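Colleague: My questions will all concern the structure given below.
The values are calculated or read from the model by the stated rules, or taken from the named source; none is laboratory data. Bear in mind the structure is a predicted one, so any value in this text is a computation, not a measurement. Virtual Cβ from ideal backbone geometry, glycine too; neighbours counted across all protein chains shown. For the accessible areas, the whole protein counts, side chains as well, though only heavy atoms, and no ligand, DNA or RNA atoms are used. Shrake-Rupley method; radii C 1.70, N 1.55, O 1.52, S 1.80 Å.
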Amino acid sequence: ASRAGLLAGDMILAINNEPTSGITIDQAVSKIRGPAGTEVTLTILHPGKRTPQEIRITRARIEIKSVKFETKEIDGKKIGIIKLNRFGEDTKGAFDHVADVLLSGNYSGVVVDLRNNPGGFLESSIQIASNWVGEGKTVVKEVNYEGKEKAYPASGLARLKDFETVVLVNGGSASASEILAGALQDYKLATLVGEKTYGKGSV
């Protein structure tokens, strides 16, 4: 999609010439997805534009690593940049490795990039938050329709709690991303920078 020219914030007006008005996101996704190597044509309206554009995309199987890490030097200080693309089964293991690098590498701070992270497993977000939030403290709380509450506590060592932390969010940060960002903000363990997040509370 990126190679074809799609941008964050694009409006999808039609899928293979079928209008998207009145269909759900799940229905749209099922129409867009398909076997690798086949094509789908999207009628797109880019943000700030008035004329729609047709974009043809060749479907492919895409493997995205849930965690990416890089180091940047800012004013002579080492800053770790952690890009979390999703919260999956492999996220905890990959993040644990990154935490080891931060702790042993004389880093001054860390940036956690949650922009356009759609979320994933609830448990994974709690595991990642536990790197900052002290053991036993509530990371997120569910309240059902009857008002019953269920708290999910942090577990393990809060190894990164003393690192100066900045969390980047935008309108595409949803679900598990919001749980992590919200917990770090509420406990004053990180500064959030960016835009209002998506607002998904399906859990």
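Colleague: Which FRET efficiency value, to the nearest 0.05, do you get for K78 and V193 by plugging their Cβ-Cβ distance into 1/(1 + (r/R0)^6) with R0 = 25 Å? Write out the running numbers ahead of the final one.
Modeller: Working: r = 19 Å, r/R0 = 0.78.
The computed FRET efficiency comes out at 0.80.
Colleague: A further question follows. Arrange the residues K188, K78, K92 by how much accessible surface each exposes, largest first, with a 1.4 angstrom probe. Walk me through the numbers before you get to the answer.
Modeller: Values: K188 175, K78 60, K92 85 Å².
Largest accessible area first, the list is K188, K92, K78.
Colleague: What net charge do the residues around G171 carry, taking every other residue with its C-beta under 14 Å from that of G171, with Lys and Arg at +1 and Asp and Glu at -1? Before the final figure, lay out the partial values.
Modeller: Working: positive: R115, K196, K200; negative: D10, E178, E195.
Overall, the nearby charge balance is 0.
Colleague: For the peptides 148-160, 118-130, 172-184, what is the packing order when you average, over each peptide's residues, the other Cβ atoms within 10 Å and list the highest mean first? If you can, show how the numbers build up before the last one.
Modeller: On the way: 148-160: 14.5, 118-130: 21.0, 172-184: 24.0.
So the peptides 148-160, 118-130, 172-184, ranked by packing, come out 172-184, 118-130, 148-160.
Colleague: When the Cα centres of the stretch 1-56 and the stretch 103-172 are compared, how far apart do they sit, in Å?
Modeller: Centre-to-centre distance over Cα atoms comes out at 33 Å.
Colleague: May I pose another question? Full extension from V143 to V29: what is 0.36 nm times the residue separation minus their Cα-Cα distance, to one decimal in nm? Each step should come with its number before you reach the end.
Modeller: Numbers: separation 114, 0.36 × 114 = 41.04 nm, distance 2.90 nm.
Computed gain between V143 and V29 is 38.1 nm.
Colleague: Hey, got the dipole for the chain? About the Cα centre, +1 on K and R Cβ, -1 on D and E Cβ, debye to the nearest 20? Please list the in-between numbers first.
Modeller: Numbers: 26 positive and 24 negative charges, 77 e Å.
For this selection, approximately 360 debye.
Colleague: Farthest toward the dipole's positive end in the chain, which of N85, A1, N116, given Cβ charges of +1 (Lys, Arg) and -1 (Asp, Glu) about the Cα centre?
Modeller: Working it through, the farthest residue towards the positive pole turns out to be A1.
Colleague: Could you give the nm distance between label points at S104 and T51, where each point is 7 Å from its Cα heading toward the beta carbon?
Modeller: Rounded to a tenth, the inter-label distance reads 5.7 nm.
Colleague: Right, something else. So with the 1.4 Å probe, I'd like the accessible area per residue for the chain, rounded to whole Å². Display every interim value, and only then the final one.
Modeller: Working: 12640 Å² over 203 residues.
Accessible surface, normalised per residue, equals 62 Å².
Colleague: What relative contact order, as a whole-number percentage, does the chain give when Cα pairs under 8 Å and 6 or more residues apart are counted? If you can, show how the numbers build up before the last one.
Modeller: Values: 388 pairs, mean separation 29.9, N = 203.
Reported relative contact order: 15 percent.
Colleague: Here's a follow-up. Taking only DSSP H segments of four or more residues, each worth -39500 (n - 2.57), what value at 222 nm results for the chain once the sum is divided by all its residues, to the nearest 500 deg cm²/dmol? Before the final figure, lay out each step's value.
Modeller: On the way: 4 runs with 41 residues, N = 203.
My calculation for the chain gives -6000 deg cm²/dmol from helical runs alone.
Colleague: In nm, to one decimal, how far is the K65 label point from the M11 one, both placed 7 Å along Cα→Cβ?
Modeller: Spacing of the two 7 Å Cα→Cβ label points: 3.8 nm.
Colleague: Relative contact order for the stretch 164-203: what percent, with Cα pairs under 8 Å and sequence separation of 6 or more?
Modeller: Details: 53 pairs, mean separation 22.9, N = 40.
Dividing the mean separation by the residue count of the stretch 164-203 yields 57 percent.
Colleague: Indicate, rounded to the nearest 5 percent, the antiparallel portion of the DSSP beta bridges found entirely in the stretch 16-171. Kindly include the intermediate steps, with their values, before the conclusion.
Modeller: Numbers: 19 of 30 bridges.
Roughly 65 percent of the beta bridges in the stretch 16-171 run antiparallel, per DSSP.
Colleague: Does anyone have the angle between helix 176-186 and the longest principal axis of the chain? Alpha-carbon axes, 0 to 90°, nearest 10?
Modeller: The two axes meet at around 40 degrees.
Colleague: Right, next: Leaving ligands, DNA and RNA out of it, report the carbon-plus-sulfur percent of the accessible area of the stretch 17-84 at a 1.4 Å probe. Display every interim value, and only then the final one.
Modeller: On the way: 2540 of 5110 Å².
Answer for the stretch 17-84: carbon and sulfur cover 50 percent of the accessible area.
Colleague: Compute the angle between helix 91-104 and the longest alpha-carbon principal axis of the chain, please, reported from 0 to 90 degrees and rounded to the nearest 10.
Modeller: 40 degrees
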